[in-house]
Each structure stands twice: as C-alpha cells, then as structure tokens.
Amino acid sequence: MSQDFVTMTRSQAESLIADAFINSKVSDANAKSVAQALVAAEVDGQRGHGFSRVGSYAAQSKSGKVDGFATPKLTRDKPSFLKVDAKNGFAYPAVEMAIEALVEAAKSNGIAGVAISNSHHCGQLSRHVEQLAERGLLATMVANTPKAMAPWGGSKPLFGTNPIAFGVPRDGAAPLVIDLSLSKVARGKIMAANKSGEAIPEGWALDSGGNDTTDPKAALAGSMIPMGDAKGAALALLVEILAATVTGSNYSFEATSFFDGKGEPPSVGQFILAIDTGATHDLFAQRLEALLGEMLEQDGTRLPGEKRLNGRKACEEQGLSVPKAMLEEINALAV
C-alpha cells in the first residue's frame, strides 16, 4: 500500500469519526449514527458521501447550522403515512427513526410512506432502501439537495441533483439496489476538476449564461446538465415535489449549502415509500428472479450494485484504505 494511505478496520474508522463529531458539538448518539453512515459510504465506494464529508459536517455542527444535539420527532396521524421532523439535525438519526417506523407500518398496512422534514444531507440513499429490503420491503426513496441544475431550457439553477433510490429483497441473494442522482455526472467531479485545474468534458455543465462549458469554474457558477436532458429535469421536478412539497421542507433553491457552516440550516426533505412484498402475491420472489435471470443471460450485463458489494468484501479482507491527508484532518478534529 502506498505510504499516502493508511489501512484501518471499519470499527476503527467509525470510532475515530464519532470522536471527531463529539468534539464538534454533536451528541454521542448522533455522532455514532453519522459516523456509521459515512464509513458505510466509504466502504461501498461512494467516497463523495464518506470521509470527505467529515470536515464540512463538523464545521456545520460547530456553527450551529446543524443541531448536533437534535432528537428527531415521529408523528403518525394516519396508519400508513408517517412524519419525522429531523429538527434541523443530521439526517441519519431521522432516517433511522423513519425506517424503524416504516417497517412496522408497511407490514401492518401492506404499504406505507414517511415524510422527513427539516433535514440535511442523507448520504447514499442506497444504504437506506437496502435496510428496508433486508426486512422484506420493496422501497423507493427520494431526496432534494441544494440547487445545482436549471429546469430544461433555463440557465439558472433551481433543482438539486435530487437522487432517487430503489431496493427490493431477493431470495438467497443480497437485495437489488439502484441509486442514482439526476445530474449527468456528480457535482463532486466538477469540484475535483476545478481543484486540479483540469477541463471537463462537454455536456457536463452550463455556464451562468446557459452555454455549454468545459471550464469547471464556470460550471460551478452555472448549472449541472441533467441526466437524460429534459427527461432528467422532469424527474428532478418530481423529486422536488415528493421531497419538499409533500414533506413541507425547503425547495432546493431555498436550501443553503451542505458544504460549509454559513447561513441557515438547509432544511431539505426526504420521502420514502415501502411495500410489503408478502402482501403482493405468492410468486413475487419467483417472478423477480425470472426477470433478473433473463437480463443476466445476455453477455455483458450485470445487476446494479456489484461495486458496492465488492467494496464490502474488500474491506472485510483487506481493511479500509484512507488517504493520509484526510486521516490527519479527521484526527485533528478528534483530539
């Protein structure tokens, strides 16, 4: 292993990151919840939702932009429609509460939804829907994020990259999980190009005038291009309605950044819908495997999520490789 990396176990990484948050005005329980989520993202290969978030999260809890001591609140006015108020704290404790309540509600009613309000960055959505799928539920989740994409034909950012995730249980195999954001590429790739001074390919972003650009600085001041062009923009609108209108949270254009401690809390939202597969029909598992088997018979195909599962196996066998510079930053927060 290069000397620029340090190998850690998963538990060592979780403990270190939790200490960093505890020293940054976060309760022990919330620090543990956030640390587990960030390490899980790193293990799964979703590094944009992993260790790289520690510094910005800590800055936000220190400034009060995120309430590190918040306790989410669950309300249930209808049997199959739940609400969780994240209280402008970190999203992960609120999502955990939502998942536990949603399992019971969906098992009782066949289908249930939960609206999470006054929330924050919720990381990789795949982790959340996978937890539901592991408990026998088909689940879909959406989340809105601070503005980064213009509506199709426009030039001013209005929607976030607004991810969508889907998870479904399988017999004798890990759940099938699909997780994608609605921009053509992750905004983090443009940020990385700007930091290194490299150009970006055409078709990734627009400048502030609505023109295609290969300049990452101009792209960051402009707008991301949605995946699938007009179709992706329409999906971003759909997510905005489910994640913000339904939950009563800020729209993407009203939300402050997830990356710094300035301004008011982002107060974005998430929405999760779950269906008890046992309430559908007796052949659900069999029919799902028939579909997936037909797909895999074609050469060159694979199921979504293989990278995630491979990352977990590698972590178990070899440990987790952490860039030394990033580890030093986290260590400085933890002591």
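Simple point charges give the picture: +1 on the Cβ of Lys and Arg, -1 on the Cβ of Asp and Glu, and for the chain a dipole about the Cα centre of about 680 debye. Could you tell me whether the stretch 34-82 comes out rounded, prolate or oblate from its Cα gyration tensor? Rule is a ≥ b ≥ c as square roots of the eigenvalues, rounded for a/c under 1.5, then prolate if a/b exceeds b/c, otherwise oblate. Here the stretch 34-82 falls in the oblate category.
So, R0 is 45 Å and r is the distance between the beta-carbons of LYS156 and ASP282; what FRET efficiency does that work out to, to 0.05?
Taking R0 as 45 Å, the efficiency between LYS156 and ASP282 is 0.30.
Does the stretch 149-238 come out rounded, prolate or oblate, given a ≥ b ≥ c as the square roots of the eigenvalues of its C-alpha gyration tensor, rounded meaning a/c under 1.5 and, failing that, prolate meaning a/b above b/c? Oblate.
Given the stretch 182-335, report the % of alpha carbon pairs whose separation exceeds 19 Å. That tail contains 76 percent of the Cα-Cα pairs.
What is the chain by shape, rounded, prolate or oblate, if you read a ≥ b ≥ c off the alpha carbon gyration tensor as root eigenvalues and call it rounded for a/c under 1.5, prolate for a/b larger than b/c, and oblate otherwise? The shape class here is rounded.
When the chain is described by a simple charge dipole with +1 on each Lys and Arg Cβ and -1 on each Asp and Glu Cβ, the residue from PHE69, GLY319, ILE99 located farthest towards its positive end is PHE69. Stretching LYS231 away from LYS62 to a fully extended chain increases their span by 56.9 nm, per 0.36 nm per residue minus the current alpha-carbon distance.
Between amide H atoms placed 1.01 Å from N, distances below 5 Å from VAL6 occur with VAL322, LYS324, all of them 5 or more places distant or on a separate chain. Under the criterion of Cα pairs below 8 Å and six or more residues apart, the relative contact order for the chain equals 24 percent. In units of the rule-of-thumb radius 2.2 N^0.38 Å, the stretch 199-250 shows an alpha carbon radius of gyration of 1.36. Using Cα pairs under 8 angstrom and six or more residues apart, how large is the relative contact order of the stretch 78-138, in percent? Computed value for the stretch 78-138: 42 percent relative contact order.
Note on the chain: with a GNM built from Cα contacts shorter than 10 Å, the maximum mean-square fluctuation among THR256, THR161, THR145 falls on THR256.
Where a number appears in this text, it was derived from the coordinates with a stated rule and is not lab data. Values in this document were obtained by computation on a predicted structure and should not be read as measured data. All Cβ positions, glycine included, derive from the backbone under ideal geometry; neighbour counts span all protein chains shown.
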